[in-house]
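Notes follow the structure.
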Amino acid sequence: MKVLKFGGTSVGSAECILKVKSIVEAVDGEVIVVVSALGGITDQLIHVANTATAGKQSYQDEYEEIRKRHLNVLHQVVTDKDKAKAVEQQVNVLLVELKNILQGLYLIKDLSPKIEAAIVSYGERMSSLIVAAVIDKAFLFDSLQFIKTEKKHERNIVDRDLTDTLVKAAFCSSPKLAVVPGFISTDKDTGEITNLGRGGSDYTASIIAAALDAEYLEIWTDVDGFMTADPRVISTAYTINELSYVEAMELCNFGAKVVYPPTIYPVCHKNIPIRIKNTFNPNAQGTIIKEKCDSSSKAIKGISSIDNTALITLTGLGMVGVIGVNHRIFRALAQKGVSVFLVSQASSENSTSIGVRNEEANVACEVLNDEFAKEIEMGEISPVKAESNLATIAIVGENMKHTPGIAGKLFGTLGRNGISVIACAQGASETNISFVVEEKFLRKSLNVIHDSFFLSEYQVLNLFVCGIGTVGSNLIDQIATQQERLMKERGLKLNIVGISNSRTALFSREGIDLNHYREELQEKGQKSDMEYLRNEIIGMNIFNSVFVDCTASKDVASLYKDFLSHNISVVAANKIAASSPYSNYSKLKQIARHKGVKYLFETNVGAGLPIINTINDLINSGDHILKIEAVLSGTLNFIFNCISADIPFSKTIKMAKEEGYSEPDPRIDLSGTDVIRKLVILAREAGYCLEQADVEKHLFVPDEYFEGSLDDFWKNIPKLDADFEKRRQKLESEHKRWRFVAKLENGKGSVSLCEVDGNHPFYGLEGSNNIILLTTERYRECPMMIQGYGAGASVTAAGVFADIMGIANI
């Protein structure tokens, strides 16, 4: 024998009820069908009762709407006219009873819990009549006759022994198809109508299944089964194929609304499987709940949450070593019917925190302040207060007990994303780790946990790209090209959620279409400045987020501190921050370490060459940088490689700009400022405290050429061509070449135009390439050499991409 329960959405319309008919009639063997009220009817019944109690005649219109809906559905699904007429008479009897009760409420204006329970019972009583008439050869049973409750702590609790006896008696000669209204019950002493609470139809089905030793219990609803997380919050959540009874109970108790929590207990003790199926997608596998699951599955099965949480803390030195404090807490709360779903206690016994629903917080505080009034008056315990606007999250999985480090990974992941845990609790069974966070961090917490524990199909990195010039646009193109491969081969999804230029910004939590980002930025982008950019990025409060700076803007660099402080990693092609005053550079590094995020700027020196990472690896492995010699300006190297008898000095500068090697204002390159910034960055990464002003400059362009406008510069620079040609001829005759060399030695830095002969490693440096020689304690006799493309949008973008991947690999 099988028990199938269909919820309100499953019997919400004529079309849905016909689906139920098809599903039930396809089952072999004996079947008991438990049904809820038509979708939304329970709420309508409560509302019409309140309307009548308030003395509003509009209750009659609401009643009429309920009446018409049931009769319309009945005549749509029962095509036999005689049968439909007979069922309509039965439904009308119930409708007349309901109407008379509402009329009484309208007159006396008093709605007692007893009357309300009677009113809401009509939903299931009418729906079961209709469903029984639709299913071929089905017999209707009245659950008011065998589901019995008793009053405990102001709540109606099922009397299991009596109910089991009555269920067995009622179904001792069960027909092949039986229909039972769910949710409703009667008091075992008074016979008054009661109910099992919202979601109680699940419980009805479970009680019947357990009492009759059913083969299985199926809960038919409007979802495919239990999900790894709330799909409304996490788009990548997916259906869990199987859960143990314990796992399902934990998820239900912490907000997963697939099954009414008490449902699991009766069938669990009889080892009866529960199948969760979708009425509207009956071929979906669904979720099966059973005693034992595959032990090789993931450590965490799912994440659940309760958003309207209040945390109540009882604290004071007067609690230490005193026996019975917790007994008094929970006894007092139980007597007032306050449900506690989380308990966290300090090992010193000086504080106990409990999690309750927001709506019960005030009552809980009053109860506990009364219970401990004497201790509070004596100063042994502090007055009890509630902390609201919180959320409780639970990660659930029986395999956690076999996997060391789950809690460490959980709290480390939350910390790196700037989420503080206010309270936590874990039982010795290690099936559930529950914790409380601020409600504003709920979405972020769920996403980052789902991502971190590989419940998602992909690990997600959310990127904000600032600057879509040559480097930024190349980066976006490279990401677009590699997205599919990274998802397929690495399980990594790079999700660009923000793009901005100097005037406009576009943000989308779901991600921006990289094939049309320029059009979207133009059409949907908002006018932007630094304040708007900062507030939007921080305000999105998105998990695993990275700010990518592809600009050369000082204003953008000034935002790094705020981003890092809010646990947003920073990847910068922009050299300004790393070469700014040492105190600022040091502060940014310190914040990143403290917050557990990354501040990466490999492309600040050598574009895509692994220079900074190599220096860091040497330092971290115990080596010491003694000397750095480098050609760090791809622009200047390009200029001095191109200059010839046919190509004068001024033309090489224009060529460098046209090729995209130089800054928009090439005077930055010619002044040595760019090289000085790079040398300062390398010195700092090598462990030296160096400022830009400390670097000696020996330049090759007179100071007056850097004054005035950029147009003045282009007008005057050809005046140097003759002198450079004369010097070039002399250099050529000596078989030497020019190289603009940056040097760090004994903690002192310098930049100068040097002449190198054919024996020097810098002599054969081609095009815009960079080269760096690192003399260290280990590489003293033969310096380490790194050489390659040192300029160009494509290689710089690739270096930025590599830094992003470095964050993904944390």
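The values are calculated or read from the model by the stated rules, or taken from the named source; none is laboratory data. No experiment lies behind these values; they were computed from the predicted model shown. Cβ atoms come from the backbone with ideal geometry, glycine included; neighbour counts cover every protein chain shown. We work out accessible area using only protein heavy atoms, side chains counted, and drop any ligands, DNA or RNA first. Shrake-Rupley method; radii C 1.70, N 1.55, O 1.52, S 1.80 Å.
Data table
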{"read-out": "Criterion (outside any helix (DSSP H, G or I), among the charged types (D, E, K, R) and either closer than 25 Å to Phe146 by Cβ or open to solvent by less than 10 Å² (accessible area, probe 1.4 Å) (or both)) met by exactly one of Lys5, Lys56", "value": "Lys5"}
{"read-out": "Spans of helices (runs of 4 or more DSSP H) in segment 282-388 with at least 3 residues over 26 Å from Pro261 (Cα atoms)", "value": "358-371, 373-377"}
{"read-out": "Single residue of segment 456-497 satisfying the filter (open to solvent by less than 40 Å² (accessible area, probe 1.4 Å), more than 21 Å from Leu521 (Cβ to Cβ) and touching a strand residue (DSSP E or B) at 6+ places or on another chain (Cβ under 8 Å)) that is modelled with the highest pLDDT", "value": "Leu486"}
{"read-out": "Close pairs (8 angstrom Cβ cut-off, 6 or more residues apart or separate chains): exposed (fewer than 13 other Cβ atoms within 10 Å of the Cβ) in segment 718-745, basic (Lys, Arg) and assigned to a strand (DSSP E or B) anywhere", "value": "Glu745/Lys627"}
{"read-out": "Near pairs, Cβ below 8 angstrom, 6+ apart or cross-chain, from segment 121-135 (over 18 Å from Leu18 (Cα atoms)) to any residue that is of a type in the set (Val, Ile, Thr) and not in a helix (DSSP H, G or I)", "value": "Ser121/Ile184; Ser121/Ile193; Arg125/Ile184"}
{"read-out": "Whichever residue in segment 231-245 is in contact with a helix residue (DSSP H, G or I) (Cβ under 6 Å, 6 or more places away or on another chain) and not polar (S, T, N, Q) and, among such residues, is surrounded by the fewest Cβ atoms within 10 Å (Cβ to Cβ)", "value": "Val233"}
{"read-out": "Neighbours by Cβ (under 6 Å, 6+ apart or cross-chain): first from segment 652-667, among the acidic types (Asp, Glu); second surrounded by fewer than 16 Cβ atoms within 10 Å (Cβ to Cβ)", "value": "Asp665/Leu710"}
{"read-out": "Leu618 among the hydrophobic types (A, V, I, L, M, F, W, C) and either within 25 Å of Ala791 (Cα to Cα) or assigned to a loop (DSSP other than H, G, I, E, B) (or both)", "value": "yes"}
{"read-out": "Options Glu430, Glu375; residue that is modelled with pLDDT of 90 or more, in contact with a helix residue (DSSP H, G or I) (Cβ under 8 Å, 6 or more places away or on another chain) and not basic (Lys, Arg)", "value": "Glu375"}
{"read-out": "Among the candidates Glu629, Glu602, residue that is open to solvent by 30 Å² or more (accessible area, probe 1.4 Å) and charged (D, E, K, R)", "value": "Glu629"}
{"read-out": "Segment 132-169, residues that are open to solvent by 50 Å² or more (accessible area, probe 1.4 Å), outside any strand (DSSP E or B), touching a Leu at 6+ places or on another chain (Cβ under 8 Å) and over 18 Å from Glu30 (Cα atoms)", "value": "Gln145"}
{"read-out": "Pair list, Cβ under 7 Å, 6 or more apart: segment 318-339 residue farther than 25 Å from Asn358 by Cα, other residue assigned to a helix (DSSP H, G or I) and of a type in the set (A, V, I, L, M)", "value": "Met319/Val325"}
{"read-out": "Candidates Val571, Val597, Val556, filtered to the one that is part of a loop (DSSP other than H, G, I, E, B) and open to solvent by less than 30 Å² (accessible area, probe 1.4 Å)", "value": "Val597"}
{"read-out": "Tabulated pairs, segment 783-797, first closer than 11 Å to Gly608 by Cα, second open to solvent by 40 Å² or more (accessible area, probe 1.4 Å) and part of a strand (DSSP E or B), C-beta under 7 angstrom, 6+ apart or interchain", "value": "Val795/Tyr789"}
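Listed here are the residues, each with its yes/no results for (1) touching a Lys or Arg at 6+ places or on another chain (Cβ under 7 Å); (2) in a loop (DSSP other than H, G, I, E, B); (3) within 24 Å of Ile17 (Cβ to Cβ).
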| site | (1), (2), (3) |
| --- | --- |
| Thr190 | no, yes, no |
| Arg198 | no, yes, yes |
| Asp202 | yes, no, yes |
| Ser206 | no, no, yes |
| Cys252 | no, no, no |
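Yes/no matrix, rows are residues, columns are (1) part of a helix (DSSP H, G or I); (2) closer than 20 Å to Ala630 by Cα:
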| residue | (1), (2) |
| --- | --- |
| Ser662 | no, yes |
| Ile676 | yes, yes |
| Leu682 | yes, yes |
| Glu704 | yes, no |
| Gly708 | no, no |
| Asp712 | yes, no |
| Lys715 | yes, no |
